[in-house]
1. What are the residues in region 145-203 that are in contact (Cβ under 8 Å) with a residue 12 or more places away in the chain, under 17 Å from R214 (Cβ atoms) and open to solvent by less than 20 Å² (accessible area, probe 1.4 Å), if any?
2. Out of region 230-247, which residues are part of a loop (DSSP other than H, G, I, E, B) and open to solvent by 70 Å² or more (accessible area, probe 1.4 Å)?
3. Hey, which of the helices (runs of 4 or more DSSP H) in region 166-229, taking only ones fully inside, have at least 1 residues that are within 21 Å of the chain's Cα centre (by Cα) and farther than 30 Å from T95 by Cα?
4. R234: closer than 30 Å to R92 by Cβ and in contact with a Pro (Cβ under 8 Å, 6 or more places away or on another chain), yes or no?
5. From the list G91, G120, G30, G60, which one is modelled with pLDDT under 80 and within 20 Å of K147 (Cα to Cα)?
Amino acid sequence: MSKPRDDDEPRERHRAEFAETRWSIVMAAGRESSPQATAALEILCRTYWYPVYSHVRRRGYAPPDAQDLTQEFFARVLRNHSFVRADRAKGRFRTYLLAAVNHFLADEWDKTRTQKRGGGEKLLSLDEDGFERRYGQEMASDLNPEKLYDQQWATILLEQGIKRLREEFITAGKVRKFELLKPFLTQEAAPGIYDTLAVELHASVGSIAVAVHRLRQRYRELVRAELAQTVSSRAEVDEELRHLFLH
């Protein structure tokens, strides 16, 4: 990560935007069984666990079954290098993963519904009860399984963007500034709030407004960069943005 500029706008150049993507991690994990590949793949599984879980739940499975099925799906990915047959040329990682889950569900429920999936082994330690509480808060939604999956995928992209933005401010030694400005990523400031922040941060009101503008701009860049890791070409980035956020 490059050093932030002196004008307090943390920046990161993406000259190799498509060099290390979700797809490249998947492909590498499919070809080799090194600790590094396995660790990278485990991060992917943790990142996308909830969109898959919400999709399984919306398909009608009870919480214990949905937890077992989601855990088993990702356990097989980690254990059997299930992505070895993945074809990046076929498109987006989001749609590839959804198709893989649906294929798994079609086979798994018929084959092993009377067996203990995963042999009782949980390769990923996750807050499954927390995920179910989160799903319960979304029950009012009338989205079908595929639409809910896309919605949660979009949420993950936004969360990853905020996480990366915060990391940049931590690197710059300005995490307090980030926490104070973060609310304005998604909402407009109430009258007088910039005056309060100017006192808090020992800055002018004008510089606070500029900082918020730059923060939002950087956030959009990072979300776009995060999304770029899940498609196979730059041409698909705008299409995916429209599908996830304007569809």
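1. G161, L165, E168, F169, F178, L181, F184, L197 - these are the residues of region 145-203 that are in contact (Cβ under 8 Å) with a residue 12 or more places away in the chain, under 17 Å from R214 (Cβ atoms) and open to solvent by less than 20 Å² (accessible area, probe 1.4 Å).
2. R234, L246, H247, listed by residue number.
3. Numbers: elements: 175-181, 193-200, 205-228.
So the answer is 175-181, 205-228.
4. Numbers: closer than 30 Å to R92 by Cβ: yes; in contact with a Pro (Cβ under 8 Å, 6 or more places away or on another chain): no.
Here the answer is no, as R234 does not meet what is asked.
5. G91
The values are calculated or read from the model by the stated rules, or taken from the named source; none is laboratory data. Bear in mind the structure is a predicted one, so any value in this text is a computation, not a measurement. So basically every Cβ, Gly included, is an ideal-geometry build from the backbone, and we count neighbours across all protein chains shown. We work out accessible area using only protein heavy atoms, side chains counted, and drop any ligands, DNA or RNA first. Shrake-Rupley method; radii C 1.70, N 1.55, O 1.52, S 1.80 Å.
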